[in-house]
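Only one structure is covered here, and it is reproduced in the block below.
Readers should treat all values here as calculations from the given coordinates under stated rules, not as data from a laboratory. Note that the structure is predicted; figures quoted are calculated from it, not measured. Quick reminder, even Gly has a Cβ in these numbers, built from the backbone with ideal geometry, and neighbours come from all protein chains shown.
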Amino acid sequence: MTESEFQEFLITIGYRYNKKSHSAFNTYEGFHAIILFNDKESRYSLSMGTLTSDTAALAKKLKEFSIENKEYISKAYYKDKQIRINIKMTVDSETDREHLKTVAKYVMDICKSEKNQPSCRICSRNRKTGLYVIGQDLMPVCDNCINRKRRQYERQRDAFEKKKQNMLAGIFGALFGAALGASIYVMLYQFTPFFGIWGGIIAPLSFLGFLVTGNRATRLSAVICEIISVITMIAAEYTALIAGVSILIEHEGGGIAVTEAIEVTNASFASTDYLLSVIFEIGTATVIMLIVGGIYFLKRHLTRPLKISKNVL
């Protein structure tokens, strides 16, 4: 079943689709059942906030339900005041429909039990809730919690937006940080076994330099820092090789011979093994830089305030 087929099917079981969260929901006597379509993991996930006076009995009931329907239920459990049921997808849309109908009916039967009450996703209390998209997650939240979340969002948004990016200053900072990292790299190269790992210090210092002088991270700044880091890494590798050869010549009594060291280093590139080892070191450092860049961008993404929608009910 494709996501578009999933949306069409929801109407037949009384669910509504929410585009912002890519999930569906249904409300029954204060309970909010939410179904998430997960094509990557080949499953549907149904969740519902529930308070119960008999946790053990509800957990046992869900386990029995998953065992009885193990051909299409991968897991059904009660945790953190949440009923969660993971439904295996099939290649047959009709089969998926029947499975989802069965689970939806089962959840409604749970709602009718006097031992269970609806709950807020945040405070886990039995209060009247609305459905809100927070970030990309659709969740039932009470008025008290959503008001607190909105105030928190406004404070974080104001603090986030006050940081105006200075791209030019950020680039200078990134260049300075990369140059500092390259200097450390060249020194470490002479005294420690090396397989490109130390090249990874260039990227963090470049990113740090951009943040200190540029004030704010963006996707473009991450790309710029990566390019600066890779170019600087190649220059640092070449400089480190020349420095190493120069030190060897000096130890042999040849004095400081930078010109000779450059000639020897350039001539060494004619050797396939030598060239491949250099490429390997640069490649290793580049991979580390890309990982650092990913972490840098992920941190920026995670620190951005989560938007809160209006009540979707």
Which pairs, out of Lys19/Lys70; Lys79/Lys164; Lys60/Lys307; Lys70/Lys149; Lys20/Lys112, put more than 32 Å between their alpha-carbon atoms?
Lys79/Lys164; Lys60/Lys307; Lys70/Lys149
So, with +1 on the Cβ of K and R and -1 on the Cβ of D and E, and no other charges, what is the size of the charge dipole of the chain about its Cα centre, to the nearest 20 debye?
2600 debye
Taking H as built 1.01 Å from N, whose amide H comes closer than 5 Å to the amide H of Met89, not counting residues under 5 places away?
Arg43, Tyr44
Just want to confirm a number: the relative contact order over the chain, from Cα pairs under 8 angstrom separated by 6+ residues, in percent.
15 percent
Hey, can you rank 34-41, 139-146, 229-236 by average C-beta count inside 10 Å, highest first?
229-236, 139-146, 34-41
Above 19 Å lies some portion of the pair distances; for the range 3-153, what is it as a whole percent of all C-alpha pairs?
52 percent
Each label sits 7 Å from Cα toward the beta-carbon; between Leu276 and Glu71 the label points are separated, in nm, by 5.5 nm
Residue by residue through the range 270-287, the couplings from Karplus 6.51 cos²θ - 1.76 cosθ + 1.60 with θ = phi - 60°, in Hz, x for Gly and Pro, are 5, 7, 4, 4, 5, 5, 5, 5, 5, 4, 4, 5, 5, x, 4, 5, 5, 4
Ranking request for peptides 177-186, 65-74, 214-223, 150-159: highest mean number of other beta-carbon atoms within 10 Å first, then the rest in descending order.
177-186, 214-223, 65-74, 150-159
Report the local net charge at Ile34: Lys and Arg +1, Asp and Glu -1, summed over other residues whose C-beta lies under 12 Å from its C-beta.
+2
Please work out which option in (i) 52, 48, 45; (ii) 92, 46, 36; (iii) 61, 42, 40 gives Cα extents along the principal axes in Å calculated from these coordinates, and answer with its label.
(ii)
Taking 0.36 nm per intervening residue step and subtracting the Cα-Cα distance, what contour gain separates Leu188 from Val264 on full extension?
25.3 nm
Going by C-beta contacts inside 10 Å, put Thr102, Thr272 in order with the fewest on the left.
Thr272, Thr102
With the 8 Å Cα cutoff and a minimum separation of six or more residues, the range 167-303 has a relative contact order in percent of 33 percent
The long-range amide H neighbours of Thr50, using H built 1.01 Å from N in the peptide plane and a cut-off of under 5 Å, are Gln82, Ile83, Ser119
